[in-house]
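Novice: One structure, as structure tokens, below. Some questions next.
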Amino acid sequence: MRNVESNRDEFIVAASAWLEANVPSRWRENRGALDEHESTQIRREWDACLFEGGYAGLSLPKVHGGQGLSMVEEVIFSELSARAQAPDGLARIGRILTAPTLIVHGNEAQLARYLPRLVNGDEIWCQGFSEPSAGSDLAGVTCTAKKVDGGYLVNGRKTWTSFARLADRCLLLALSLPGAPRYKNLSMFLLDMKQAGVRIEPIKQASGLSHFAEVIFEDAFVSDFDLVAMDGDGWKIAMTVLTNERGAVEAASRYVEIRADMDLLNSSLAGQAEHKLALEKLDIRIEMIRWQTSKVIDLDETSEEFNQATSILKLAWSELWQEISNLGITTAGPTDYRHWRFQYLETRAATIYSGSNEIQRNIISDRILGLPR
């Protein structure tokens with residue numbers, strides 16, 4: 001135990017020093033004032049910087065380009081990144097969602113092809129789950145994947161797709177067996193976003209940016225090689241994706257920006273007695289998210305206790321972030337007003353994406369607490 005603790009202490013010291021030396025000052029000091037092009041460029045460069053520094057894919061196997069460490073180091077690094085106000089890279093979906101999903105469900109050829117490029121940031125991924133007509137009913141997706149010689153032809157629409165405009169690949173859930181029972185009729189694919197047959201229509205947000213897009217597939221081809229597991233296994237694989245999306249690593253990743261916003265609030269409102277209690281309560285709630293995340297990483301990911309411990313994380317960080325931005329915009333001075341205006345508008349979507357919070361509460365009530373419907 002002492003050796004493990006010593007190694008982690010050494011990791012913390014080394015990672016802290018590396019972040020201090022490498023976090024771009026432009027991001028740390030002006031991230032709220034950067035335009036979309038500048039923000040994208042810094043985040044792309046940060047992915048490469050993480051890889052070169054040995055901090056990309058910390059918990060992924062070395063054989064696939066990761067560092068072979070544990071989830072503990074992954075979460076610790078996210079916390080340190082938050083303190084250092086580091087950028088959130090564009091490769092986040094690939095590293096947090098696609099990589100662990102392929103490790104569980106993919107084959108060796110898929111792992112060899114995709115994981116190294118996920119880790120080094122060469123390929124950006126998006127997630128094709130939500131649809132205009134399906135709402136929060138993931139099992140009701142209507143985007144189809146029709147079997148043809150050598151693969152499938154994909155037709156339909158996905159919406160609220162993060163990073164779609166920049167993505168090289170899409171982790172796509174589609175209806176491939178229309179005659180099969182519900183939950184047995186879906187498949188998961190690794191679709192090439194740069195091919196003909198993929199049309200991207202950016203969705204402009206209230207903040208002025210376009211993180212999301214609607215994606216239209218018109219006979220887009222995905223090969224048999226890029227079918228994950230078996231035809232009809234899509235729902236099972238989607239549950240793995242969503243566990244990662246709403247779990248400890250995602251919460252730790254979100255903690256990065258939320259902690260940075262809280263530090264800005266603490267600094268700008270320091271000495272203002274009327275805000276002292278509100279700041280203390282918000283700060284405590286942020287550290288409760290960090291505590292809960294730290295608690296989760298020691299649990300068996302296949303256990304019921306793990307599901308219970310992670311179930312509240314997405315609700316907690318998304319609603320807290322909105323409250324922080326609310327206080328920021330109502331108290332902002334001239335030097336940071338632009339930042340808080342941007343964050344206020346950006347965080348409006350936080351309680352909708354990754355499964356709306358209303359749906360999250362239903363899931364907790366039904367699957368965790370066992371309450372009657």
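The values are calculated or read from the model by the stated rules, or taken from the named source; none is laboratory data. Given the structure is predicted, the values throughout are model-derived calculations rather than measurements. As a convention, Cβ positions derive from the backbone with ideal geometry for all residues, glycine included, and neighbour counts pool all protein chains shown.
Novice: Does region 287-303 include one or more residues that are polar (S, T, N, Q), over 27 Å from Ser16 (Cα atoms) and without any contact (Cβ under 8 Å) to a residue 12 or more places away in the chain?
Specialist: yes
Novice: Looking only at region 61-86, which residues are in contact with an Asp or Glu (Cβ under 9 Å, 6 or more places away or on another chain) and in a loop (DSSP other than H, G, I, E, B)?
Specialist: Gln67, Gln85, listed by residue number.
Novice: Restrict the check to region 56-66 and report whether at least one residue is more than 30 Å from Lys236 (Cα to Cα) and among the small types (Gly, Ala, Ser).
Specialist: Looking through region 56-66, none of the residues is more than 30 Å from Lys236 (Cα to Cα) and among the small types (Gly, Ala, Ser).
Novice: In this structure, is Glu29 assigned to a helix (DSSP H, G or I), at pLDDT 95 or above, surrounded by fewer than 19 Cβ atoms within 10 Å (Cβ to Cβ) and not assigned by TED's automatic domain parsing to the domain that holds Trp291?
Specialist: no
Novice: Could you tell me which residue of region 324-349 is nearest to the chain's Cα centre (by Cα), considering only residues that are at pLDDT 85 or above, closer than 23 Å to Phe212 by Cβ and small (Gly, Ala, Ser)?
Specialist: It comes out as Ser325.
Novice: With the requirement that a residue be assigned to a loop (DSSP other than H, G, I, E, B) and touching a strand residue (DSSP E or B) at 6+ places or on another chain (Cβ under 9 Å), what does region 181-193 give you?
Specialist: Once the filter is applied, which keeps residues that are assigned to a loop (DSSP other than H, G, I, E, B) and touching a strand residue (DSSP E or B) at 6+ places or on another chain (Cβ under 9 Å), region 181-193 yields Asn185, Met193.
Novice: Still on this structure: I'd like to check something: does region 288-307 contain any residue that is part of a helix (DSSP H, G or I), within 19 Å of Met239 (Cα to Cα), at pLDDT below 85 and polar (S, T, N, Q)?
Specialist: The answer is yes; a qualifying residue exists.
Novice: If you don't mind, there's one more thing I want to ask. So how many residues does region 329-359 have that are surrounded by 19 or more Cβ atoms within 10 Å (Cβ to Cβ), assigned to a helix (DSSP H, G or I), in contact with a Ser or Thr (Cβ under 8 Å, 6 or more places away or on another chain) and in contact (Cβ under 8 Å) with a residue 60 or more places away in the chain?
Specialist: So the answer is 4.
Novice: Determine whether region 53-60 contains at least one residue that is in a helix (DSSP H, G or I), at pLDDT below 95 and at negative phi.
Specialist: no
Novice: From the list Leu111, Leu102, Leu118, exactly one residue is more than 18 Å from Asn185 (Cα to Cα) and in contact with a Pro (Cβ under 9 Å, 6 or more places away or on another chain). Which is it?
Specialist: Leu111
Novice: Considering only residues that are without any contact (Cβ under 8 Å) to a residue 40 or more places away in the chain, of a type outside the set (A, V, I, L, M) and not in a strand (DSSP E or B), look in region 133-172 and name the one that is surrounded by the most Cβ atoms within 10 Å (Cβ to Cβ).
Specialist: Among those residues, the one meeting the criterion is Thr142.
Novice: Restricting to region 236-252, count the residues that are outside any loop (DSSP other than H, G, I, E, B) and either modelled with pLDDT under 85 or surrounded by fewer than 18 Cβ atoms within 10 Å (Cβ to Cβ) (or both).
Specialist: Here the count works out to 11.
Novice: Filter region 212-225 for residues that are surrounded by fewer than 20 Cβ atoms within 10 Å (Cβ to Cβ) and either charged (D, E, K, R) or under 20 Å from Ala91 (Cα atoms) (or both) and give the result.
Specialist: Glu214, Glu218, Asp219, Asp224 - these are the residues of region 212-225 that are surrounded by fewer than 20 Cβ atoms within 10 Å (Cβ to Cβ) and either charged (D, E, K, R) or under 20 Å from Ala91 (Cα atoms) (or both).
Novice: Filter region 253-287 down to residues that are buried (at least 16 other Cβ atoms within 10 Å of the Cβ), at pLDDT 85 or above and of a type in the set (Ser, Thr, Tyr), then give me how many there are.
Specialist: 1
Novice: Limited to region 253-283, what total is found for residues that are over 30 Å from the mean Cα position of the chain (by Cα), part of a helix (DSSP H, G or I) and aliphatic (A, V, I, L, M)?
Specialist: Counting residues in region 253-283 that are over 30 Å from the mean Cα position of the chain (by Cα), part of a helix (DSSP H, G or I) and aliphatic (A, V, I, L, M) gives 2.
Novice: Here's a follow-up. Considering each residue of region 117-152, count those that are closer than 16 Å to Ile352 by Cβ, among the small types (Gly, Ala, Ser) and under 18 Å from the mean Cα position of the chain (by Cα), and give that number.
Specialist: Adding up the residues that qualify gives 2.
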